[in-house]
Amino acid sequence: MTFQDLNLNTPLYNALDDLGFTTPTPIQAESFNVVAGGKDVVGIAQTGTGKTFAYMLPILKNLPFSKQENPRVLILVPTRELVVQVVNEIEKLSKYINTRVLGVYGGTNINTQAKDLSNGVDILVATPGRLLDLHKQDCINLDYIETLVLDEADLMLDMGFIDDVRKIERLCPSEKQVLLFSATMPAKVVQLANTILKEPETV
Ligand code: AMP
């Protein structure tokens, strides 16, 4: 299988060409149609398996240009390092698409991030605590979220973010697509998936 077998578009093919990627990884091949079809998905995948592109390829393919200032895609990850890494991957993939990507995380100046948010964002990558702090300060509106991604869900719960994740999920519209990716599926991750995903497909 090659990326040509997935129904992508020219900007995505050009970005993949620049990266020198020709073959989807197994998680990418399996996720594409399910995510593109709008279903909730539980993806079991370790870091290094290409799981960021597994959710970003279908998301970017289906995200129309918009003047909406509020984010339409929210990706939660447990650490600042992961925010930086995921933003970097999205920037590589969206090189030929007019999308605004922003990462927010704790331990740095919140006012700078609030200002960046006010410039308008399509895809927001965030750690849960900082996202809630920004929300408390009225710097962020989650009413327009269409897709919520919980990346590294097992790590996120190990780090004690369960209540924050649930709170954030409730701040998003109830009609949305939820994608949960985790390297392992301990009981608490299964329970989270069972309560916030609707008839998910597992890949
Ligand atoms: P991830 O599992 O998302 O952290 O990705 C691990 C690394 O694999 C990243 O550096 C990606 O840029 C790279 N990668 C993602 N998809 C592919 C692919 N289809 N072929 C080769 N490398 C890839």
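Any read-out appearing in this document is the output of simple, stated calculations on the displayed coordinates, not a laboratory observation. Just so it is clear, the structure is predicted and the values come from calculations on it, not from any experiment. Cβ atoms come from the backbone with ideal geometry, glycine included; neighbour counts cover every protein chain shown.
Subtracting the Cα-Cα distance of GLU201 and ARG170 from 0.36 nm times their residue separation leaves 9.0 nm of extension gain. Placing unit charges on each Cβ (+1 for Lys and Arg, -1 for Asp and Glu) gives the chain a dipole about its Cα centre, and among LEU82, ILE140, GLY48 the Cα reaching farthest toward its positive end belongs to ILE140. Counting 0.36 nm for each residue step from MET1 to ALA114 and taking away their Cα separation leaves a gain of 36.4 nm. The string of couplings for region 29-39 from the Karplus curve (6.51, -1.76, 1.60, θ = phi - 60°) is 5, 6, 7, 3, 5, 5, 5, 4, x, x, 6 Hz, one whole number per residue in order, with x for Gly and Pro.
Shape class of region 1-106 from the alpha-carbon gyration tensor: rounded, with the ratio a/c of largest to smallest axis under 1.5.
Pairs from the list LYS39/LYS188; LYS67/LYS198; LYS95/LYS188; LYS167/LYS188 with a Cα-Cα gap above 25 Å: LYS67/LYS198; LYS95/LYS188.
By the helix-only formula, in which each DSSP H run with n ≥ 4 contributes -39500 (n - 2.57) and the sum is divided by residues, the chain has a 222 nm mean residue ellipticity of -13000 deg cm²/dmol.
In a fully extended conformation the segment linking THR10 and ALA183 would gain 59.2 nm over its present Cα-Cα distance, using 0.36 nm per residue. Dipole size of the chain about its Cα centre, with +1 on Lys/Arg Cβ and -1 on Asp/Glu Cβ: approximately 280 debye, rounded to the nearest 20. Charges were assigned to the Cβ only: +1 to each Lys and Arg, -1 to each Asp and Glu. The resulting dipole of region 27-137 about its Cα centre is roughly 160 debye.
Ranking PRO11, VAL203, PRO26 by Cα position along the charge dipole of the chain, where only Lys, Arg, Asp and Glu carry charges on their C-beta atoms, puts PRO11 farthest toward the positive end. Mean silhouette area of region 83-158, derived from the convex hull of its C-alpha atoms and averaged over all directions, reads 5.6 nm². The HN-Hα couplings worked out from phi for region 60-67 by the Karplus form 6.51 cos²θ - 1.76 cosθ + 1.60 (θ = phi - 60°) are 5, 4, 9, 8, x, 4, 8, 8 Hz, whole numbers, x standing for Gly and Pro. Where a ≥ b ≥ c are the square roots of the eigenvalues of the C-alpha gyration tensor, would you call the chain rounded, which needs a/c under 1.5, or, failing that, prolate if a/b is larger than b/c, or oblate? Judged from the Cα gyration tensor, the chain comes out oblate (a/c at least 1.5, b/c at or above a/b).
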